[in-house]
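The values are calculated or read from the model by the stated rules, or taken from the named source; none is laboratory data. Quantities reported herein were computed from a predicted structural model and do not represent experimental measurements. Here the Cβ positions follow ideal geometry from the backbone for every residue, glycine too, while neighbour counts run over all protein chains shown.
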Amino acid sequence: MNPLSLILGLLALPFTLLASWYILNPNEELAVLYWGTLRTVKSKPGIYFLNIFGRRLLKISTRQHAIELHKTTVADANANPIIMAAICTYKVSNSAFAALNVDDFHAFIRAQAVAVIKQIASKYPYESPDGHCLKSEAAKIGAEMVAILQAKVTSVGLSVLSFELSDLTYAPEIAPQMLIRQQAQALIGARRIVVEGAVQIVDDAIDKIKAKGIPISQESAQRLVSNLLVVICADARVQPTFAIEDEANAGNQIVLQSIVAVLEEIRANTKK
């Protein structure tokens, strides 16, 4: 024991006996400083006695802590302004470092977490056709944020348990334009599916006509393909038109006769 502490303790013995006791609760650690020097770190709950003169007790909670990083406007890899928010969970792994290397480790990790969010946002676009973006790689980006933040807070005795995005949106000033772009991309994708299906339907129709033994010229097949594609791919209700050519020019007598017979039947029914 320090001689000065001993002398002061004896001079104020009743006060020393009453004031030198301290209690350590569960999920707490205590860094004990004696005349400015770290003497020990206690982690076992219980009641302890140490001369009050010259001592300083720094209690550190070892429970898990969570901080919510409120919405922050940052720039993504494409320089688009986006709004991000996150939740970081951490705990103290070295009480001596947490007590002595920083004034307030809660404020320290909050500031570092904000810096990590801005750093990550600058590396990834908000969304990308190849999927390598903030919007679709939440798990990978969360793990990367944990690794970056851990490197920054190890010196103050903290362990980062998780770091996850809780909100991710475009900034209000560009949100309408980005919505238009998303709608256009969705429309293009839908159109592509419709065209691919229409081509398959037309191909099947031509094959079935030929399989039934119905002769069809190359020119007639082209007109059929054109009309079917118009009917299938159009948004509005489409009335296809068919050009009827002279038999000598069409080169397809059977098809022409069939069309003429249908027209005659329609005219006869109309007269009745």
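Name every residue in segment 97-131 that is farther than 23 Å from Thr72 by Cβ, crowded, with 20+ Cβ neighbours inside 10 Å and of a type outside the set (A, V, I, L, M, F, W, C), in order of residue number.
Taking segment 97-131 first, the residues farther than 23 Å from Thr72 by Cβ are 97-101, 103, 129-131.
Filter again for crowded, with 20+ Cβ neighbours inside 10 Å, leaving 98-99.
Result: no residue meets the conditions.
For segment 5-21, the criterion of a residue being within 30 Å of Tyr90 (Cβ to Cβ) and assigned to a strand (DSSP E or B) is satisfied by no position. Scanning segment 142-157 for residues that are crowded, with 17+ Cβ neighbours inside 10 Å, out of contact with any helix residue (DSSP H, G or I) (no Cβ under 6 Å at 6 or more places or on another chain) and within 16 Å of Leu69 (Cα to Cα) returns a single hit, Val146.
Listed conditions (1) buried (at least 16 other Cβ atoms within 10 Å of the Cβ); (2) under 30 Å from Arg39 (Cβ atoms); (3) β-branched (Val, Ile, Thr) are all met by Ile82, apart from (2).
Residue pairs whose Cβ atoms lie under 9 Å apart, separated by 6 or more positions or on different chains, with the first residue in segment 195-214 and free of Cβ contacts under 8 Å to residues at least 60 places away in the same chain and in the same structural domain as Val230 (by TED's automatic domain parsing) and the second of a type outside the set (Lys, Arg) and outside any helix (DSSP H, G or I), are Ile206/Ile216; Ile209/Ile216; Lys210/Ile216.
This table checks each residue for (1) acidic (Asp, Glu); (2) touching a residue at least 24 places away in the same chain (Cβ under 8 Å); (3) assigned to a helix (DSSP H, G or I).
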| position | (1), (2), (3) |
| --- | --- |
| Val114 | no, yes, yes |
| Ile117 | no, yes, yes |
| Ala139 | no, no, yes |
| Val146 | no, no, yes |
| Leu165 | no, yes, no |
| Ile180 | no, no, yes |
| Leu187 | no, no, yes |
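Pick from Gly54, Gly9: which is modelled with pLDDT under 85, outside the structural domain of His132 (by TED's automatic domain parsing) and in contact with a strand residue (DSSP E or B) (Cβ under 7 Å, 6 or more places away or on another chain)?
On the way: Gly9 fails: in contact with a strand residue (DSSP E or B) (Cβ under 7 Å, 6 or more places away or on another chain).
So the residue among Gly54, Gly9 that is modelled with pLDDT under 85, outside the structural domain of His132 (by TED's automatic domain parsing) and in contact with a strand residue (DSSP E or B) (Cβ under 7 Å, 6 or more places away or on another chain) is Gly54.
Only one entry of Ile47, Ile82 meets the criterion of being part of a strand (DSSP E or B), assigned by TED's automatic domain parsing to the domain that holds Val116 and either in contact with a strand residue (DSSP E or B) (Cβ under 9 Å, 6 or more places away or on another chain) or more than 30 Å from Leu179 (Cβ to Cβ) (or both), and that entry is Ile82.
Within the group Ala86, Ala75, which residue is within 23 Å of Val156 (Cβ to Cβ) and modelled with pLDDT of 85 or more?
Details: Ala75 fails: within 23 Å of Val156 (Cβ to Cβ).
Testing whether each residue is within 23 Å of Val156 (Cβ to Cβ) and modelled with pLDDT of 85 or more leaves just Ala86.
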